[in-house]
Amino acid sequence: MIPVSLEPKSESNNLFPIRTVCSVTGLNPVTLRAWERRYGLIKPLRTAKGHRLYTQSDIDRINEVVRLLDKGVPVSQVGQVLDSRREQKAQVPAAQDHWARFISDMINAISQFDERRLESVYNEALSLYPIDTVLRLLIVPLLRDLGRRWQTTEGSVAEEHFFGVFLRNKLGARFHHLRARSDGPKLLTACLPHEHHEIGLLIFSLLAKSLGFDIVQLGANMPLDELPIAAKRAKCQAIVLAGSQAYDYAPIMKGLRVMVDEAKVPVFIGGSYSVSARDAIAATKAIPLGEDMAQALRLIQRTLEIKATDDK
């Protein structure tokens, strides 16, 4: 979440309605109201008709709340941290317990194929935290835990399909609810050939869009030779591919090398494949990103900024 500051249009007009605050902070009205009613984090003014109005100080406080949430501080403790200015180290164990409860509740719901309970926990997290925080601290760790579970007799293919359908629907809807177009760099995202697990790529695309990138999604199992022309037609500044399987390196690397030469824009590879095949990917002049999505987005941003400077 990128903190944003507003400037009033005039000295006499220094109050902002909730729709404006939501637009510039990336939060939704439900979250802001929950922060106000349940935790007293924000105390907006009210018009005669009861409509909320926010000052620049309120917006600065909202930005500070977002920064603390991104560090893993539970929303129930944010007010105490803001008011007392205590060191964040004291909050880390409680933060871990807080998100661990969400993860445990969702795993239990998945194991019982209880969609109503699963949706309740997911919605509770989204009502209290920005979407990028929920993705980083809940969904990504949850997927790791589920991956380990499904490698043992605890899990099952049915569980994987059940949660995959649920999460794909939820993240897809959230993706389309974000503003249709962004002012940031445009990325073409797709899975490598033979890669059919697109949840990780969808999470990455949603995180990128929430941070201001413009995204064109192509989904799973994308032929490499079609990507350069698609990126050109869409006027994308980069191509981001994802892979999680242990592919046969030779055919992938041969196609990747040709695609990178033809693309004329930076090509990035993320997911576990970018770790196991890091050296081979780098030899094709594509850029391996690793599995840390936040770090990957920072690397993409820096690379595109450097390229834009060199192109001038």
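Do you know which of the residues in the stretch 60-76 that are in contact with a helix residue (DSSP H, G or I) (Cβ under 6 Å, 6 or more places away or on another chain) and not in a loop (DSSP other than H, G, I, E, B) is surrounded by the most Cβ atoms within 10 Å (Cβ to Cβ)? By that ranking, first place goes to Val65. Tallying residues that are modelled with pLDDT of 90 or more and hydroxyl-bearing (Ser, Thr, Tyr) within the stretch 159-204 yields 1. For the stretch 269-302, which positions are surrounded by fewer than 17 Cβ atoms within 10 Å (Cβ to Cβ) and of a type in the set (Val, Ile, Thr)? The one that is surrounded by fewer than 17 Cβ atoms within 10 Å (Cβ to Cβ) and of a type in the set (Val, Ile, Thr): Val275. Among the residues making up the stretch 12-50, those that are closer than 19 Å to Gly79 by Cα and assigned to a loop (DSSP other than H, G, I, E, B) are Leu27, Arg38, Tyr39, Gly40, Leu41, Ile42, Lys43, Pro44.
Could you say whether any residue in the stretch 59-78 is over 19 Å from Val134 (Cα atoms), of a type in the set (D, E, K, R), modelled with pLDDT of 75 or more and in contact with a Leu (Cβ under 8 Å, 6 or more places away or on another chain)? Don't jump to the end; show me each part of the working.
Keep residues of the stretch 59-78 that are over 19 Å from Val134 (Cα atoms), which gives 59-61.
Okay, now just the ones that are also of a type in the set (D, E, K, R), so 60-61.
Okay, now just the ones that are also modelled with pLDDT of 75 or more, so 60-61.
Restricting the remaining residues to those that are in contact with a Leu (Cβ under 8 Å, 6 or more places away or on another chain) gives 61.
So far as the stretch 59-78 goes, yes, one or more of its residues are over 19 Å from Val134 (Cα atoms), of a type in the set (D, E, K, R), modelled with pLDDT of 75 or more and in contact with a Leu (Cβ under 8 Å, 6 or more places away or on another chain).
Tell me which residues, restricted to the stretch 234-251, are under 22 Å from Phe204 (Cβ atoms) and either modelled with pLDDT under 85 or surrounded by fewer than 21 Cβ atoms within 10 Å (Cβ to Cβ) (or both). Passing the criteria: Ala234, Lys235, Gln237, Ser244, Gln245, Ala246, Tyr247.
State which residue is nearest to Val65 (Cα to Cα) when the search covers only the stretch 125-152 and only residues that are out of contact with any helix residue (DSSP H, G or I) (no Cβ under 8 Å at 6 or more places or on another chain) and in a helix (DSSP H, G or I). Full working, then the answer.
In the first step, residues of the stretch 125-152 are kept if they are out of contact with any helix residue (DSSP H, G or I) (no Cβ under 8 Å at 6 or more places or on another chain); the result is 144, 147-148, 151-152.
With in a helix (DSSP H, G or I) added as a condition, the list becomes 144, 147-148.
Numbers: Arg144: 27, Gly147: 32, Arg148: 33 Å.
Looking at residues that are out of contact with any helix residue (DSSP H, G or I) (no Cβ under 8 Å at 6 or more places or on another chain) and in a helix (DSSP H, G or I), I get Arg144.
With respect to the conditions (1) in contact (Cβ under 8 Å) with a residue 12 or more places away in the chain; (2) surrounded by fewer than 21 Cβ atoms within 10 Å (Cβ to Cβ); (3) touching a strand residue (DSSP E or B) at 6+ places or on another chain (Cβ under 9 Å), Glu262 falls short on a single one, namely (3).
The values are calculated or read from the model by the stated rules, or taken from the named source; none is laboratory data. Worth saying up front: this structure is predicted, and the values here are computed from it rather than measured. So basically every Cβ, Gly included, is an ideal-geometry build from the backbone, and we count neighbours across all protein chains shown.
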